[in-house]
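Below you will find the structure I want to go over with you.
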Amino acid sequence: MPDTTLEDRIRAAFAEALGTLPGDDEDIFDAGADSLAVENVLSGLSADLSMDLPGWILLDNPTVRSLAAALATLPTEQ
């Protein structure tokens, strides 16, 4: 069984928060995300990735693809 990619994990977090599966380049806010959905995505991904994610990261990167690229550049905790 292959490992889950970062984009798959983000897609799942978006889908859980929105109740629908967004496209990879679909803006989470255009898909109906509100502040609670943003908090749910960030807290879910923080737990899933074992990282403390900054709040701005989803605001600056509101799509699956852009968020995956941004998260890939963050340093991992040792």
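The values are calculated or read from the model by the stated rules, or taken from the named source; none is laboratory data. Not measured: the values here are computed from a predicted model. Every residue, glycine as well, gets a Cβ built from its backbone with ideal geometry; the counts of neighbours run over all protein chains shown. These area figures cover heavy atoms from the full protein model, side chains too; ligands, DNA and RNA do not enter into them. Shrake-Rupley method; radii C 1.70, N 1.55, O 1.52, S 1.80 Å.
Could you work out the helix-only [θ] at 222 nm for the chain, with each DSSP H run of four or more residues adding -39,500 (n - 2.57) and the total divided by the number of residues, to the nearest 500 deg cm²/dmol?
After summing the helix terms and dividing by residue count, I get -16500 deg cm²/dmol.
Roughly how many Å² of Thr5 are accessible to a 1.4 Å probe, to the nearest 10?
Counting only protein heavy atoms, Thr5 exposes about 70 Å² to solvent.
At 1.4 Å probe size, with the rest of the protein present, what percent of the exposed accessible area of the chain is carbon and sulfur atoms?
For the chain, the apolar C and S fraction of the accessible surface comes to 51 percent.
Taking only Cα atoms, what is the 0 to 90° angle, nearest 10, from helix 6-18's long axis to the longest principal axis of the chain?
The helix 6-18 is inclined about 40 degrees to the chain.
Here is a follow-up. Assuming a ≥ b ≥ c are the square roots of the Cα gyration tensor eigenvalues, decide whether segment 1-75 counts as rounded (a/c under 1.5), prolate (otherwise, with a/b larger than b/c) or oblate.
In terms of gyration-tensor shape, rounded.
How far is it, in nm, from the label point at Leu21 to the one at Glu7 when both lie 7 Å from their Cα along the line to the Cβ?
Placing both labels 7 Å beyond Cα along the Cβ direction yields 1.4 nm.
Can you tell me the Rg and the Dmax, both Å, for the Cα atoms in segment 1-40?
Cα radius of gyration and Dmax of segment 1-40 are 10.6, 35 Å respectively.
Quick one: among Leu53, Leu18, Leu42, which has the greatest mean-square fluctuation in a GNM of the chain with alpha-carbon springs under 10 angstrom?
Top of the fluctuation ranking is Leu53.
Which value, in debye to the nearest 20, describes the size of the charge dipole of the chain about its Cα centre when Lys and Arg Cβ atoms bear +1, Asp and Glu Cβ atoms bear -1, and nothing else is charged?
Here the size comes out at about 100 debye.
Over the chain, with a Gaussian network built from C-alpha contacts below 10 Å, which listed residue (Ser35, Ser46, Ser66) shows the highest mean-square fluctuation?
Highest fluctuation among the options: Ser35.
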